[in-house]
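Asks: What follows is a structure written as structure tokens; I'll ask about it next.
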Amino acid sequence: MTALAPELTDLQAVVEEVWSTFVGYEHPLCPRQVPPGTPLDASVWSGAVSVTGEWQGAVTVELADDVAQAISRVMLDLGDAETLADDDVADAVGELVNMIGGNVKSLMPGPSSLSLPAVAAGRAVFPSDAHEVARLDLTWTGEPVRITVHCPGSPR
């Protein structure tokens, strides 16, 4: 069975729309060329949501720590000198993956439900039957950002 996946151009449009709404236009997301299977070369925060129903899948966001800290400060309207707790970063990463995941869900056959976000300081772990069906490797302010869609079943 091959997994139905969002078109890469649609995923890119969703991510750019959510990112500009969430973070603004001051610093754009830029494409980054990375070979498949290459981990991000930075300490990361990751968030994941699952979609269940007519379409099954998961959407993950991996952000360099500096990116996660910066978007948290934007979301909470905090200056650089103000203290930022890990809970604040987790909330911001969770909200970002929730918004991207909800938009991906809307692209796929429904009805489907979106899980609550799971967030970690580090990389997300997936069941062995999940495989990547779409991935965007980007940079924001020179730091890596990765958005991935995973599905159960055999790879294409």
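Asks: So, in the stretch 3-22, how many residues would count as being surrounded by 14 or more Cβ atoms within 10 Å (Cβ to Cβ), part of a helix (DSSP H, G or I) and either at pLDDT below 90 or not aliphatic (A, V, I, L, M) (or both)?
Replies: Final tally of qualifying residues: 5.
Asks: Further question: Among 104, 133, which is under 12 Å from residue 50 (Cα atoms) and out of contact with any Phe, Trp or Tyr (no Cβ under 6 Å at 6 or more places or on another chain)?
Replies: Values: 133 fails: under 12 Å from residue 50 (Cα atoms).
Step by step, each of 104, 133 is checked, and only 104 is under 12 Å from residue 50 (Cα atoms) and out of contact with any Phe, Trp or Tyr (no Cβ under 6 Å at 6 or more places or on another chain).
Asks: Here is a further query. Which ones in the stretch 138-153 are crowded, with 20+ Cβ neighbours inside 10 Å and within 14 Å of the chain's Cα centre (by Cα)?
Replies: 138, 140, 144, 145, 146, 147, 148, 149, 150 - these are the residues of the stretch 138-153 that are crowded, with 20+ Cβ neighbours inside 10 Å and within 14 Å of the chain's Cα centre (by Cα).
Asks: Follow-up question, since we're still on this one. Can you work out which of the residues in the stretch 92-112 that are free of Cβ contacts under 8 Å to residues at least 60 places away in the same chain and of a type outside the set (Gly, Ala, Ser) is farthest from residue 78 (Cα to Cα)?
Replies: Filtering first and then ranking leaves 111.
Asks: Condition first: under 26 Å from residue 153 (Cβ atoms), assigned to a loop (DSSP other than H, G, I, E, B) and under 16 Å from the mean Cα position of the chain (by Cα). Now tell me which residues in the stretch 39-62 satisfy that.
Replies: Answer for the stretch 39-62, where residues must be under 26 Å from residue 153 (Cβ atoms), assigned to a loop (DSSP other than H, G, I, E, B) and under 16 Å from the mean Cα position of the chain (by Cα): 39, 40.
Asks: Working only within the stretch 23-38, note down all residues that are in a loop (DSSP other than H, G, I, E, B) and farther than 24 Å from residue 108 by Cβ.
Replies: Listed by number, the residues that qualify are 23, 24, 25, 26, 27, 28, 32, 33, 34, 35, 37, 38.
Asks: Is it true that residue 81 is aliphatic (A, V, I, L, M), more than 30 Å from residue 112 (Cα to Cα) and surrounded by fewer than 13 Cβ atoms within 10 Å (Cβ to Cβ)?
Replies: For residue 81, the condition - aliphatic (A, V, I, L, M), more than 30 Å from residue 112 (Cα to Cα) and surrounded by fewer than 13 Cβ atoms within 10 Å (Cβ to Cβ) - is met.
Asks: Mind checking which residues of the stretch 68-95 are outside any helix (DSSP H, G or I), of a type in the set (Gly, Ala, Ser) and under 20 Å from residue 27 (Cα atoms)?
Replies: Across the stretch 68-95, the qualifying residue is only 79.
Asks: Let me ask something else. In the stretch 17-27, which residues are more than 16 Å from the chain's Cα centre (by Cα) and free of Cβ contacts under 8 Å to residues at least 60 places away in the same chain?
Replies: Hits for the stretch 17-27 are 24, 25, 26.
Asks: Another question, if that's okay. With the structure loaded, tell me whether residue 104 is surrounded by 14 or more Cβ atoms within 10 Å (Cβ to Cβ), at pLDDT 95 or above, aliphatic (A, V, I, L, M) and in a strand (DSSP E or B) or whether it fails that test. Talk me through it step by step, then tell me what you get.
Replies: Values: surrounded by 14 or more Cβ atoms within 10 Å (Cβ to Cβ): yes; at pLDDT 95 or above: yes; aliphatic (A, V, I, L, M): yes; in a strand (DSSP E or B): no.
No: the conditions fail for residue 104.
Asks: Of all residues in the stretch 24-60, count the ones that are of a type in the set (A, V, I, L, M) and surrounded by fewer than 20 Cβ atoms within 10 Å (Cβ to Cβ).
Replies: So the count comes out to 4.
The values are calculated or read from the model by the stated rules, or taken from the named source; none is laboratory data. Predicted model only: the values in this text are computed from it and were never measured. Cβ sites come from the backbone with ideal geometry, for glycine too, and all protein chains shown count toward neighbours.
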